[in-house]
Amino acid sequence: MLFRSLRIKSVGENIELIFTCRTKDCGEKTKIEFKIDPQLVKDPTHTNKIDLFDDVGVVMKYADVDMLKQIRKLDLTNPDAILDLIADSIDYIYDTESVYQADKQSKKELKQFVESLPREASDKLKHFFQTTPKLQQTVKYTCPKCNANNEYVVEGIESFF
């Protein structure tokens, strides 16, 4: 929401995006101007503290501007890029005896830790990314070519910049 406020103060509260009509035979591209008024969508199951297995867990960091750029360029077919993102998102790892700050570990060690996780633990990390709070706004318009009503969901901070 902070980025939303900064964007409104610096550039204005209106934004123009190009939407493509979803009617099968139309496909008309239309520039739509609308007022930025997104809602912060939170999943009640979301947490950044994740118990992975036994007494081992992680606390994840939320994306900053640099990480948002990394995510936007992420090649989902490249396992190394995904491992890098996960490793960069770890704040610390803990067990019953210690806390291991991620910034005190090498990237290689963090990636090895993530790679060695069992499937269930990997799914918990995936859930963190899927349920991270996000800005979301529904934009409705009528196609000027075919008069069809269209609805798009604009989401993620990068969509509003």
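The values are calculated or read from the model by the stated rules, or taken from the named source; none is laboratory data. Predicted model, so just to flag it, every value in this text is computed and none were measured. Reconstructed Cβ throughout: ideal geometry from the backbone, glycine too, with neighbour counts over all protein chains shown. To get the accessible areas, we keep the full protein, side chains included, count just its heavy atoms, and leave off ligands, DNA and RNA. Shrake-Rupley method; radii C 1.70, N 1.55, O 1.52, S 1.80 Å.
A few notes on this one:
- Being over 28 Å from E33 (Cβ atoms) and surrounded by fewer than 11 Cβ atoms within 10 Å (Cβ to Cβ) holds for only one residue in S106, S122, and it is S106.
- Count of the range 59-68 residues, restricted to those that are open to solvent by less than 60 Å² (accessible area, probe 1.4 Å) and either within 11 Å of the chain's Cα centre (by Cα) or over 11 Å from I86 (Cα atoms) (or both), is 4.
- Restricting the search to strands (runs of 3 or more DSSP E) fully inside the range 89-161 and requiring at least 1 residues that are at pLDDT below 95 gives 134-142, 149-155.
- When residues of the range 37-58 are limited to those that are within 18 Å of the chain's Cα centre (by Cα) and assigned to a loop (DSSP other than H, G, I, E, B), the one surrounded by the most Cβ atoms within 10 Å (Cβ to Cβ): P38
- Being part of a helix (DSSP H, G or I) and either surrounded by 11 or more Cβ atoms within 10 Å (Cβ to Cβ) or touching an Asp or Glu at 6+ places or on another chain (Cβ under 6 Å) (or both) is a description that applies to I8.
- Among the residues of the range 18-36, those that are open to solvent by less than 80 Å² (accessible area, probe 1.4 Å) and in contact (Cβ under 8 Å) with a residue 24 or more places away in the chain comprise F19, C21, T23, C26, E28, T30, I32, F34, I36.
- Among (1) in contact (Cβ under 8 Å) with a residue 24 or more places away in the chain; (2) surrounded by 10 or more Cβ atoms within 10 Å (Cβ to Cβ) - the single one A81 does not satisfy: (1)
- The residues listed here are I71, I86; of these, the one that is at pLDDT 80 or above, surrounded by 11 or more Cβ atoms within 10 Å (Cβ to Cβ) and in a helix (DSSP H, G or I) is I86.
- Checked against the criterion of being among the acidic types (D, E), surrounded by fewer than 17 Cβ atoms within 10 Å (Cβ to Cβ) and farther than 30 Å from I32 by Cβ, the candidates E151, E115, E155 yield just one match: E115.
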